[in-house]
Amino acid sequence: MDQKIKKWQKQIKHLIDEILDANERQYVFEVERKIIKNNPALSENNIFLEYLFRNYAESQVLAILRIVDKDGDTGSFVALLNDLLKNYEEIIKSGKLNQKFINDIDNSSIDSHLKDHFKKEREDNKISLEKINSDKFDLLKETAKIKIYRDKWVAHIDRKRVRVVIEFDELNRIINFINSKIQEYYTFLTNSSISLLYTYGLESDKEIFRIAWLTPSDEK
């Protein structure tokens, strides 16, 4: 049982790393998009901006599907949820997972009142079989269109493909949805929480946009 729990914890921590990368890309892109939108001197009909927009969309599509896509040995969120479902009766419903964390709390050096608080919180933190199934279904449903876009336009060439339009706001909404689910299962599987999954840059990072990029040698 301990090995299985450690495997789940390793998987959810890997998913945290993946979603942090996606969040960083989202932050950088949204800053750039705002700058472009608010500057009338910049035309979106520009090969460099088209490259920026297209590559952001494609990189986020691939990141989302790395997190969600298939079961098996891919280390995806769906693979983790499938394993939770498979072992639900033995490890989760039986109370063994919760008991492991309660034992950890008992063996810690924290104040007894805090121990009682954390133990009660842990006992109340239950995830049903139905919820895991529902979360898995929602992840697959929310990313179904993105998977078509990846299969037809990003990863493969399909001569009969029909144009699939993925809006940036739609990508961001899905990333935010995945954020909330990963954070929820991280707490469930590690008995700890994450205060920050989103990236925030420093004001000094924007200095790059105040500097002329072309040098005299580039103009030759």
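The values are calculated or read from the model by the stated rules, or taken from the named source; none is laboratory data. The structure presented is a predicted model; accordingly, all values stated were derived computationally and were not measured. A quick note on method: Cβ atoms are made from the backbone with ideal geometry, for glycine too, and the neighbour counts reach across all protein chains shown. Only protein heavy atoms, including side chains, enter the accessible area calculation; ligands, DNA and RNA are left aside. Shrake-Rupley method; radii C 1.70, N 1.55, O 1.52, S 1.80 Å.
Starting from the Cα-Cα distance between I148 and K86, subtract it from 0.36 nm times their residue separation and give me the gain in nm to one decimal. List each step's numbers first, then the result.
Numbers: separation 62, 0.36 × 62 = 22.32 nm, distance 2.78 nm.
Fully extending the segment from I148 to K86 adds 19.5 nm.
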Exercise for review: Grab the Cα-Cα distance for S94 and A155, subtract it from 0.36 nm times how many residues apart they are, and report the gain in nm with one decimal.
Suggested key: 17.7 nm
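Could you calculate the FRET efficiency of N46 with D17 from 1/(1 + (r/R0)^6), where r is the beta carbon distance between them and R0 is 22 Å, rounded to 0.05?
Working: r = 33 Å, r/R0 = 1.52.
Once rounded, the FRET efficiency stands at 0.05.
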Point to revise | Over 31 Å (Cα to Cα) - which of K37/K160; K86/K160; K37/K145 fall in this group | key: K37/K160; K86/K160
Review point. Between region 181-213 and region 3-23, what's the alpha-carbon centroid distance in Å?
Key: 16 Å
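What are the GluC sites (Glu not before Pro) within region 132-191 that DSSP puts in a loop, where the Cβ has at most 15 other Cβ atoms within 10 Å? Mind dumping the intermediate values first?
Values: sites: E142, E167, E170, E184; in loops: E167.
In loop regions of region 132-191 (DSSP not H, G, I, E or B), the sparsely surrounded GluC sites (Glu not before Pro) are E167.
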Practice item. Evaluate the relative contact order of region 1-209 (contact order divided by residue number), counting alpha-carbon pairs under 8 angstrom at least 6 apart; express in whole percent. Key: 33 percent
**Study point:** Accessible surface, region 1-209, averaged per residue in Å² (probe 1.4 Å)
**Key:** 61 Å²
Point to revise | Choice from Y200, Y186, Y27 showing the highest fluctuation, given a GNM over the chain with Cα pairs closer than 10 Å | key: Y200
Point to revise | About the Cα centre, charge dipole magnitude for the chain (Lys/Arg +1, Asp/Glu -1 at Cβ), debye | key: 700 debye
